[in-house]
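A.B. asks: One structure follows; several queries about it will come next.
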Amino acid sequence: MSGGGALWGPDDSSPTNSALGFPTGRSTGGGDLSVGLQSVFAKAERARQEAQWNRKLKRAEEARLEAMRMLEAPPIEQSGLSPEELKAAVEAQMKGGQPDEKELDPEVQKKRKELAAAKKKKKEEERKRIAAENKAQREKLKNTKAKTDDDTSDDATGAARAKAEKERKARMKAEQAALKKENAEKRERIKNTQAATDDDITDDVAADGTVGAGRAEAAAASKARKEEEAARLAAENAEIFDRIANTGAATDNDITDDETGAARRAAARESQERKAAEVAQLAEENAEMAELIANTEAATDNDVSDDATGLARIEAAKEAAANRAEAAAELAEENAALADRIEDIDGGLAAERKLLN
């Protein structure tokens with residue numbers, strides 16, 4: 001039996017030109033390789049099944065021949081033999097054993113190895129291809145720049161911002177120097193300032209010997225000095241507050257004074273004009289639709305007052321009203337008659353009660 005003949009023979013539906021059975025005239029890469037491998041695997045499975053069946057037939061034939069040989073062999077002398085010796089004698093007659101069920105033909109094993117090598121080679125080529133594509137994609141992403149130019153350092157806006165930054169730093173440096181000088185002067189003034197309240201009156205002696213003389217003048221001078229100091233501090237505070245209010249931010253976030261701000265304002269005006277036009281157009285369309293709805297009559301005529309049915313209803317209503325009026329008049333007459341009768345009866349009973357009394 002030759003499994004290779006059934007697997008690789010020329011009687012296949014598609015001609016082959018290689019040991020792996022790939023279709024002739026086609027590339028062995030991509031989809032063609034996958035189709036070829038599937039065909040090879042299917043053929044290998046059929047060959048394996050056929051080889052297994054042939055091995056079973058071979059073992060059955062060997063068992064039959066062994067049974068015939070044992071029947072034709074002389075009987076084993078059992079007299080005086082132990083169980084171990086008897087077993088050894090039977091094994092000596094059998095000579096050999098059953099073949100391994102997993103044993104394959106050398107040609108099938110060779111084809112399997114070739115398939116495994118081809119599969120491994122294909123996987124390695126695919127891995128290298130994917131690695132190369134990933135590397136190229138990473139390089140492409142690395143060298144791709146943003147579509148929106150957020151860098152203003154290379155245009156007029158960036159130059160203006162750099163100039164403004166330099167001016168701001170110089171201005172802040174000058175202000176810090178002035179503030180440092182002013183603080184030094186204030187510390188020196190505080191250091192040399194005496195107590196505002198003079199609690200010692202022993203040194204205030206008038207010509208007449210009065211102790212504490214001149215306290216009123218000292219109080220007035222102290223008050224004037226305090227008012228002057230308060231005015232000066234108020235002026236300095238106002239100057240500092242004005243300086244703080246006019247000090248710009250360290251980072252220039254105001255774009256209203258450059259080209260970007262102008263473009264934004266223009267875009268905002270265009271957007272407002274477009275929205276106003278859309279609102280006006282929508283209002284006009286709504287007015288036209290409302291007028292159209294107001295002038296559109298109902299598809300179903302529910303008004304019967306202008307046809308024969310309506311006239312009949314009106315006549316029936318009039319007759320019903322006349323009947324109700326006539327019935328009311330008759331009922332009124334009957335009520336009046338009953339009232340007269342009750343009055344007559346009640347009057348007679350009253351006369352009888354009078355006579356009895």
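The values are calculated or read from the model by the stated rules, or taken from the named source; none is laboratory data. Everything numeric here is computed off the predicted structure, so don't read it as measured data. Note that each Cβ is placed from the backbone with ideal geometry, even for glycine, and that neighbours are counted across all protein chains shown.
A.B. asks: Take LEU338 and decide whether it is modelled with pLDDT of 85 or more and either surrounded by 10 or more Cβ atoms within 10 Å (Cβ to Cβ) or under 30 Å from ALA156 (Cβ atoms) (or both).
C.D. replies: So LEU338 fails the test.
A.B. asks: Here is a further query. Can you tell me which residues in segment 244-269 are under 32 Å from the mean Cα position of the chain (by Cα) and either at pLDDT 85 or above or not in a helix (DSSP H, G or I) (or both)?
C.D. replies: ASN253, ALA267, ALA268
A.B. asks: For segment 48-61, enumerate the residues that are in contact (Cβ under 8 Å) with a residue 12 or more places away in the chain and charged (D, E, K, R).
C.D. replies: ARG48, GLU50, ARG55, LYS58, ARG59
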